[in-house]
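A quick write-up on the structure given underneath.
The values are calculated or read from the model by the stated rules, or taken from the named source; none is laboratory data. None of these values were measured; they are calculated from a predicted model. Cβ atoms come from the backbone with ideal geometry, glycine included; neighbour counts cover every protein chain shown.
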Amino acid sequence: MEKENQKIVAVIGRPNVGKSTLFNRLCGKRVAIEAPIPGTTRDRLYGEVNWQGEEFTLIDVAGIESGTKKEIDLSIQDGVDTAIESADLILFIVDWNEPDNQKDKEVARRLKKSGKKVLLVVNKVDNVSRLESIDLFKRLGFQNPIPVSAISGKSSGDLLDVIAKELKDDETVPAKVHTNYDISLAIIGRPNVGKSTLLNTIIGEKRAVVSAEAGTTRDSVNVSFFHKGKNIQISDTAGIRRPGKVGHDTIESFSVIRAERALKNCDVAILVIDASEGLVALDANILGNAKEWGKGIILAVNKIDLIPGDQQEYMAKTIWILQRKLNFAPWLPIVFISAQDEVNINSLLTQVVAVAENRNTIVPQELLDEIIELSKQSNPQLQDIQKLNQKRSTPPQFEIVVSAKKVPHYTQVRYLENRIRDVVPMNGVPIYIDTHLLGRVRSKKR
Ligand code: GDP
Ligand code: GDP
């Protein structure tokens, strides 16, 4: 079962109002760095919160650097913009001690314009006598300011109640219009690798239908088009920014959450990397998740137009490096593209269709029997295996029935996976092999 879309709640406000203190309070652990000097909370952080069954991701929109006035303004702008784009609900934090702060008014204006749901949270209400002046904050243009004291934890449960209620109310509106499509595709990757350029190239080349995603205020569209007779839909495009914006720490953290969300909801994902940068930790992480969640995945190495000299040599070398780095995924299709110059876009989409079909693979039982027979002949360690079955498809899941008391070593399971893939490659698709052992089932994810 796929998890529902995780809701995103962003904590926004100018420096020193207590965002990271509140963030820690709501997440129930100390993860952000609290600091008395304005602007020293650099780490953009996110945490998972579960409040009475309502789960959401809380993001501390920090990353506001100390520096010249201009730099500070710019950072606030960046952080707020990104949070607005991505969040389902915004906690606008202000400081009780400063009801007339000019920066608060600027932030308030931006939030108003976005049309997003905003909860105005007045922090540092450490004692009840302060409550009297709370209505002063209505001047920022938001009703029902919520008093909290992040430092003491006072009223933080009440705040969580309100957040949970707002998120629940949101669910009465369908998050997505389900149209008839064959393949749900996600385009994911770090900022600036060329995701939005790729999206635009696809829209242009495939004459895609672009429609607003109903039932949500999120700045997201559905893109659907036909390729090889299949109707492919790219939804959750909110994570793909408009081209030209410079990468930023805050943006990076949103992109992680976005990537996870898009990945959870798709059949096939294109992980885009930049040819000049190669694979980084985040990419490996995404690949790990794709495997875990049984998603089809294709690696698109973008910007090959920037590679000087012999491109064939570059590609061969890159495939070699990537396959060494990704020792778990020799089955991962790698496509070299230039989103900008529209190179190989059709091959990429053909791979998408192929991978989606591979994900539905059903291997005939006779073939599986033959695989086990041959494997046992060439690998004595597999003698205890009685049978190999396919339990289900999409994604394909297999089961080995073992007569011994011991679970087979993972190298043996991997050996079998490789033998299955020798016959039916299932490129781009992770497969699972469970072990059925004397009445018990031990799961091994491959
Ligand atoms: P941020 O820059 O918005 O993330 O703010 P911080 O969380 O770093 O907090 C800034 C300062 O305000 C720190 O000195 C905190 O200890 C203090 N602070 C945070 N919450 C409260 C509160 O509820 N009451 C009081 N009195 N101080 C607080
Ligand atoms: P995103 O953040 O992943 O959506 O990346 P963008 O699509 O905004 O692209 C980031 C930058 O890379 C922009 O300046 C693009 O023009 C550039 N870019 C994207 N694709 C290509 C490509 O194939 N070749 C070259 N040379 N530049 C590209």
Can we say I297 is in a helix (DSSP H, G or I), surrounded by 13 or more Cβ atoms within 10 Å (Cβ to Cβ), of a type in the set (V, I, T) and touching a residue at least 60 places away in the same chain (Cβ under 8 Å)? no
Candidate set: the range 177-191, residues that are modelled with pLDDT of 85 or more and in a loop (DSSP other than H, G, I, E, B); chosen: the one farthest from ligand 1 (Cβ to nearest atom): D182
From T394, T361, grab the single residue that is surrounded by 14 or more Cβ atoms within 10 Å (Cβ to Cβ), modelled with pLDDT of 90 or more, under 29 Å from the mean Cα position of the chain (by Cα) and at positive phi. T394
Residue that is aliphatic (A, V, I, L, M) and modelled with pLDDT of 90 or more, where the choices are V280, V352: V352
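Each row is one residue, and each column tells you yes or no for (1) within 16 Å of ligand 2 (Cβ to nearest atom); (2) without any contact (Cβ under 8 Å) to a residue 12 or more places away in the chain; (3) not in a loop (DSSP other than H, G, I, E, B).
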{"residue": "N289", "(1), (2), (3)": "no, no, yes"}
{"residue": "G309", "(1), (2), (3)": "yes, yes, no"}
{"residue": "L322", "(1), (2), (3)": "no, no, yes"}
{"residue": "W331", "(1), (2), (3)": "no, no, no"}
{"residue": "V335", "(1), (2), (3)": "yes, no, yes"}
{"residue": "D341", "(1), (2), (3)": "yes, no, no"}
{"residue": "N346", "(1), (2), (3)": "yes, no, yes"}
L282 is checked against (1) within 20 Å of S338 (Cβ to Cβ); (2) outside any loop (DSSP other than H, G, I, E, B); (3) touching a residue at least 12 places away in the same chain (Cβ under 8 Å) and fails just one. What number does that condition carry? (1)
When you check A329 against the structure, is it closer than 30 Å to R207 by Cβ, at pLDDT below 90 and among the small types (G, A, S), yes or no? no
Quick test for you: out of A356, A316, pick the one residue that is out of contact with any helix residue (DSSP H, G or I) (no Cβ under 8 Å at 6 or more places or on another chain) and within 17 Å of I202 (Cβ to Cβ). A356
Within the range 105-132, which residues are surrounded by fewer than 13 Cβ atoms within 10 Å (Cβ to Cβ) and either closer than 17 Å to K19 by Cβ or of a type in the set (G, A, S) (or both)? G115, S129
Conditions (1) surrounded by fewer than 16 Cβ atoms within 10 Å (Cβ to Cβ); (2) part of a helix (DSSP H, G or I); number of the one not met by K405: (2)
